[in-house]
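Just below is one structure, and these are the notes that go with it.
Here, each number is a calculation from the coordinates, and none is a lab measurement. Every value quoted in this text rests on a predicted model; they were computed, and no experiment measured them. Here the Cβ positions follow ideal geometry from the backbone for every residue, glycine too, while neighbour counts run over all protein chains shown.
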Amino acid sequence: MNSVLQTRVDGNNPPDIVTSAQVGQLTELVANGDVLPLTDLVSAEALTHYPDSVLDIVKKDSTPYALMHASVLKGLVYYNPSHYDGPTDPKTWAELTAWTTATAKEGHTPWCIALESGSASGWPATGWIEELFLTSAGADAYDKWTRDEISWTSQEMKTAWETFGAVAANEDMVNGGPVAAISTNFIKGLLPMWSDPPRCSLAMQADWLPATVSTRVEGIEVGKTIDFFIAPPVKPENEGLIEISGNILAAFKDSPEVRAFMEYMASPEAQNLVAQTGLWLPTNSAVADDAFPSPDRLAQAQIIKESTGVFFDASDTMPSAENEAFWAATLEYVDDPTQLDTILADLEKIRLTNR
């Protein structure tokens with residue numbers, strides 16, 4: 001889709017509207033003057049229902065250019081309530097780590113981590129690193145990362161990788177150890193949480209995990225056999241910062257039809273329909289609570305609504321070569337964490353090459 005869109009734009013034949021998860025490409029098109037400002041298409045009243053940080057996902061000179069109309073909440077920590085006895089509302093990463101460390105010392109593996117996904121192997125680890133970077137380095141640093149303004153070799157970046165490695169590269173912390181984490185399918189490797197007895201207690205993944213696990217494990221029910229909390233911040237001052245991915249609408253041509261469609265998609269009416277699907281989360285704060293098909297989807301939407309900052313998946317803002325190198329680099333790191341400096345230096349070379 002990226003190449004098709006670019007070809008049409010280059011050929012002076014852009015689509016009226018595009019929906020895309022590729023924030024990086026849309027940001028480049030905005031910089032080139034190809035995308036229409038959202039504020040020219042959607043009323044100010046409609047946009048008041050969206051957090052500033054959501055409107056800032058694709059922006060230029062403080063002007064928003066795209067509408068996040070269907071999102072996925074990331075950074076959720078899942079557990080099995082029928083077995084888990086750890087904190088369910090930890091305030092900091094240190095608090096959660098204290099429990100996982102004590103659990104590991106007792107001979108029980110705390111984390112389920114699995115990174116294999118065919119040619120995209122490693123992508124689940126990028127979610128971990130992004131979450132840890134966001135809540136350790138903070139909003140400004142994360143914003144710079146998504147805008148290609150921070151080096152892979154920065155201390156903030158290294159800290160996030162090391163925090164991830166303290167779990168994923170630790171034999172005592174991960175079910176089956178790092179080798180299993182690298183080689184096991186990203187869904188299959190989380191299922192031991194529901195084995196008898198459970199072989200791990202926690203997993204970090206996006207909002208779609210309960211629905212996916214329910215197709216593999218009988219009797220999955222949110223609140224009874226699976227539940228979640230948002231990953232606690234590494235630094236307390238970064239509480240409330242969350243990461244999302246999803247689809248974004250942007251317009252390339254101005255017409256009454258385009259304006260009407262964009263205005264409708266920004267409305268609570270349209271966003272209520274998004275909520276009702278159960279497949280996506282709206283970022284519109286005016287969506288009715290009864291629009292959500294289940295309590296867990298409502299709870300996830302509340303996390304977005306009550307957040308202090310919403311930030312888009314950093315890897316989805318990168319050129320494809322850099323993103324794929326990020327995936328592969330996480331596997332190298334879990335396999336041999338002593339090579340972190342070299343791994344990050346190699347990523348920085350790729351970043352500079354693909355700017």
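Odds and ends about this structure:
- As a length-normalised measure over Cα pairs under 8 Å and 6 or more apart, the relative contact order of the stretch 185-241 settles at 20 percent.
- Within straight-line reach of K188, meaning a Cα separation under 20 Å, sit the following lysines at least 8 residues removed in sequence or on another chain: K74.
- For the chain, DSSP calls about 70 percent of its internal beta bridges antiparallel.
- Other residues within the sphere of radius under 14 Å centred on the Cβ of T63, judged by their own Cβ, net out at -2 (K and R +1, D and E -1).
- Here's the picture: charge each Lys and Arg Cβ at +1 and each Asp and Glu Cβ at -1 in the stretch 54-125, and of S62, P87, A98 the one pushed furthest to the positive end of that dipole is S62.
- Applied to the stretch 339-355, the Karplus parametrisation 6.51 cos²θ - 1.76 cosθ + 1.60 on θ = phi - 60° returns per-residue 3J(HN,Hα) values of 9, 4, 4, 5, 4, 5, 5, 5, 5, 5, 4, 5, 4, 5, 5, 9, 5 Hz, with x for Gly and Pro.
- Ratio of Rg to Rh for the stretch 123-230: 1.02 [Cα atoms; Kirkwood radius as inverse mean 1/r over pairs].
- Inter-label distance, nm, simple model (7 Å from Cα along the C-beta direction), T88/V258: 4.9 nm
- Acute angle (nearest 10 degrees) that the helix 93-105 long axis makes with the longest principal axis of the chain, alpha-carbon atoms: 30 degrees
- Förster radius 51 Å - calculated FRET efficiency between A211 and N13, Cβ distance, rounded to 0.05: 0.85
- The shape of the chain can be summarised by an equivalent ellipsoid whose semi-axes, obtained from the alpha carbon gyration tensor, come to 34, 25, 17 Å from longest to shortest.
- Length added when fully stretched, T353-K158, from 0.36 nm per residue minus Cα-Cα: 68.2 nm
- Oblate is the label for the stretch 24-76, because the ratio a/c of its alpha-carbon gyration tensor axes (a ≥ b ≥ c) is 1.5 or higher and a/b is not greater than b/c.
- Proxy reagent accessibility, fewest Cβ within 10 Å first, across E131, E306, E218: E218, E306, E131
- Annotation: the stretch 211-354 has a Kirkwood hydrodynamic radius of 18.8 angstrom, from the mean reciprocal C-alpha pair distance.
- Long-range tail of P(r) for the stretch 54-210 (Cα pairs > 24 Å, %): 39 percent
- Using alpha-carbon coordinates, inclination of helix 123-137 to the longest axis of the chain, degrees: 80 degrees
- At an R0 of 30 angstrom, the distance between the Cβ atoms of E218 and A328 translates into a FRET efficiency of 0.25.
- Listed values for the stretch 2-15 are Karplus-derived 3J(HN,Hα) couplings in whole Hz (6.51 cos²θ - 1.76 cosθ + 1.60, θ = phi - 60°), namely 4, 5, 5, 4, 4, 4, 5, 5, 4, x, 6, 9, x, x, and x replaces Gly and Pro.
- Exposure proxy order (Cβ contacts within 10 Å, fewest to most) of L36, L352: L352, L36
- Adding -39500 (n - 2.57) for every DSSP H run of four residues or longer, then dividing by how many residues the chain holds, sets the calculated 222 nm ellipticity at -12500 deg cm²/dmol.
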